[in-house]
Structures are given as structure tokens and as C-alpha cells.
1. Any idea which of (1) surrounded by fewer than 18 Cβ atoms within 10 Å (Cβ to Cβ); (2) of a type in the set (A, V, I, L, M, F, W, C); (3) in contact with a helix residue (DSSP H, G or I) (Cβ under 7 Å, 6 or more places away or on another chain) is the one residue 226 doesn't satisfy?
2. Condition first: of a type outside the set (Phe, Trp, Tyr), at positive phi and assigned by TED's automatic domain parsing to the domain that holds residue 71. Can you find one or more residues in region 230-242 that meet it?
3. Show the residue pairs meeting these rules: Cβ distance below 7 Å; 6+ apart or different chains; first residue within region 135-160 and on the phi > 0 side of the Ramachandran plot and at pLDDT 95 or above; second residue assigned to a helix (DSSP H, G or I) and of a type outside the set (A, V, I, L, M).
4. Does residue 293 satisfy the criteria of being at pLDDT below 95 and either of a type in the set (Val, Ile, Thr) or loosely packed, with under 15 Cβ neighbours inside 10 Å (or both)?
5. Looking at region 136-154, which of the residues that are in contact with a Lys or Arg (Cβ under 7 Å, 6 or more places away or on another chain) and in a strand (DSSP E or B) is surrounded by the most Cβ atoms within 10 Å (Cβ to Cβ)?
6. Go through region 310-345 and report how many residues are in contact (Cβ under 8 Å) with a residue 60 or more places away in the chain, assigned to a loop (DSSP other than H, G, I, E, B) and surrounded by fewer than 18 Cβ atoms within 10 Å (Cβ to Cβ).
7. Is region 233-245 home to any residue that is modelled with pLDDT under 95 and more than 24 Å from residue 261 (Cβ to Cβ)?
8. With (1) in contact with a Phe, Trp or Tyr (Cβ under 9 Å, 6 or more places away or on another chain); (2) not in a helix (DSSP H, G or I); (3) not aromatic (Phe, Trp, Tyr) as the list, and residue 292 as the residue in question, which single condition is left unmet?
Amino acid sequence: MSAPIDLRSDTVSKPSERMRRAMATAEVGDDWYGDDPTVNLLQDRAAELTGKEAAIYLPTGTLCNQVALHVFVRSGHLAVCEASAHVGRTEVSSAAALSGASFQYVAAASRGLLTGAQVAAALAPDPYDVSVVDLVAIENTHQVGGGSVLPVLDLAEITTVCSAAGVPLYLDGARIFNACTVAGVRVADYAQYASSMMFCLSKGLGAPIGSVLVGDVDFIREARRLKILFGAAWRQAGIMAAAGLIALAEGPGRLHEDHANAQTLAAGLAELLPGGVDPAAVETNIVFADVSGTGRNAVQWRELLAAEGVLVTIVGGRVRMLTHVGVGAADIGAALEAWRRAAKAA
């Protein structure tokens, strides 16, 4: 049997042959002591790309977010985020357990994209001095919003609001390079408006593992202490960092291919599921399909598609599909055929 077409996430892609060779020959040290040369090179490169003073290589994007929350948010205080943001929903228990942090949710009018006015309202002082906001967290691209892209100028407006209130802004840039591809800007153009930010190497960029957290020197010094405290002080991590360096060099330049494949997928599904997919809302590599009007629920569709050789996930009752380096144009055509066969199944 042929391998399934895996659209569950852009984290499922396999490392390229060049990545595998680099991992096999990587110069390594002990990252706990800070002397793994390949990790240090990756961190320096990440700081350079984002225009920040320093960076730290961590196993996951979630850990990046949790380290940042622990630095910025005092126990019992709040972080403002969009109502469907990953950090405030999927990671809510992590934030409570690790940092005693809670969230003030703000529902965006469209696709998870907050405005400066909404953030300003959320940062209005509590007249009873009970609720205190220590941080604003912005996710770009916004996953539940369908990979929606927040323009640089909109982020700048939000940062101006945060600065006036004396509250730092954190950028969850798990897929920031996808946003940059659409916006036609550098990652540093976004990063300049954040006190700290993170990005994933293991999503659209195609590395097998790892994310990077960036900020000023003092922030990263504390982040390194928390990395050890939270049990993430790995040893010869240069083996993984070697793949991350290639991901940074080669990944951003091909993201437009993923976006084109997502557009093709969305257009095909819009014909099959009238009203269930809006191709105009697909900016990056994420496609959501609302199957509520088909007579089958999302779980049933997931099972039917799996039987046809296509793997998908369910988020918020909708079928979610992500394009990535492991999925080509031919795979998208095959996936659409699988959807058509599933639609005809009894």
C-alpha cells in the first residue's frame, strides 16, 4: 500500500536528505554548558534574522510560549490573547501549572485578527485593582483563523497601544515565515514590534524538531535558566540544530508552494462542499472545511478520508488540513479525489 497523504499538520514532514547528512556530521558539544557549536550557530542566526539581541533553541513552540509567559506574567496576573489563540486555549493548563498565569480572552471580529482598539479596551485598568494584565500575546499566523496573516502595520498599532499601557507584547510566530511570505516582508519587520517572539523550525520550514525564542540579552538569560528549570536542557542538541540551520536557509523560500497547494485544495473543496470552504480566506497553508451541512460530522469524514488514504484532523468541529514540504501538487489532486470518493460512500 502507498503511504497516506498526511494533511494532519505541517509538523509531519520528514527531514530532507541534506538535513539528514547535516545531522549525521554535525559538530556537537553539551548545550547545558552552552558549548554546542551548532546550537550556538543556530541561535546566532535566529537572532540575526529577527533583529533581536539573542536567541535560545528549545524543543517545542509550546515550551517557547511557556518560558515567555513565565518571564513576563506574574502568578495570579493575566495575559491578553485572542479567544482562540493557541497559547490561551491549547496551552491554558500549562500556563496555570507552570506559571500560575491566566488569560483575558478577546474575540476578534474576523479570523483571529485583533485590532489595536480591541487591545486598548482589554488593557483598560481594572477600577477595583483586582485584575492585572502583564502581557499581550499575538499569534501570527493565526491557526484557528485558518492561517490568517496579521499585517505588519496592524501589529505596529497594537504595539503602540501596549507601550502606552506599559505592557510588553509577545509574538507567537510559530508560522511567522508563512506570514512573511504573504505580507512580502522580513521576519525582522514583525519582530521589531515584539518584546520577544518565537518561531517553529518544525512546521513549514521542514525541520524534524525544535523552535527558537528570541529577545534581548536579559530575557534570554532568564529563558535559559527556565529551560533548565523546566527540564529541557538537552545535551548534544547540535544534531537537531544542524537540520534547523538548513530549515532556516531553505524553508522560507519554498513556502509559496505550500500556499499555492492550499489554494488548490480549497478551490476543489469549495466545489464539493458548497459553503463549507471559502478559498478567499486561505492565505497560507491551512484549510478548514465546515462539513456540518453534509449529513456527516467531522469525525465521520475523518474516518472516511483515512479509509481513502488521506489523514486530516478536527479542530473546533471542522476538518483541518495543512499543506507542507511533504505534500506536492499531485498529492493535492489525489486528496481531492479521495474527498470525492468519500462523499459518494454510503
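The values are calculated or read from the model by the stated rules, or taken from the named source; none is laboratory data. Note that this is a predicted model, so its numbers are computed, not measured. A quick note on method: Cβ atoms are made from the backbone with ideal geometry, for glycine too, and the neighbour counts reach across all protein chains shown.
1. The one condition residue 226 does not meet is (1).
2. Looking through region 230-242, at least one residue is of a type outside the set (Phe, Trp, Tyr), at positive phi and assigned by TED's automatic domain parsing to the domain that holds residue 71.
3. Sorted first by the residue in region 135-160, then by its partner, the pairs are 147/178.
4. Working: at pLDDT below 95: yes; either of a type in the set (Val, Ile, Thr) or loosely packed, with under 15 Cβ neighbours inside 10 Å (or both): yes.
Here the answer is yes, as residue 293 does meet what is asked.
5. Result: 142.
6. 3
7. Taking region 233-245 as the starting set, the residues that turn out to be modelled with pLDDT under 95 are 233-234.
Those left that are additionally more than 24 Å from residue 261 (Cβ to Cβ): 233-234.
Yes - at least one qualifying residue is present in region 233-245.
8. In the conditions (1) in contact with a Phe, Trp or Tyr (Cβ under 9 Å, 6 or more places away or on another chain); (2) not in a helix (DSSP H, G or I); (3) not aromatic (Phe, Trp, Tyr), residue 292 misses (1) alone.
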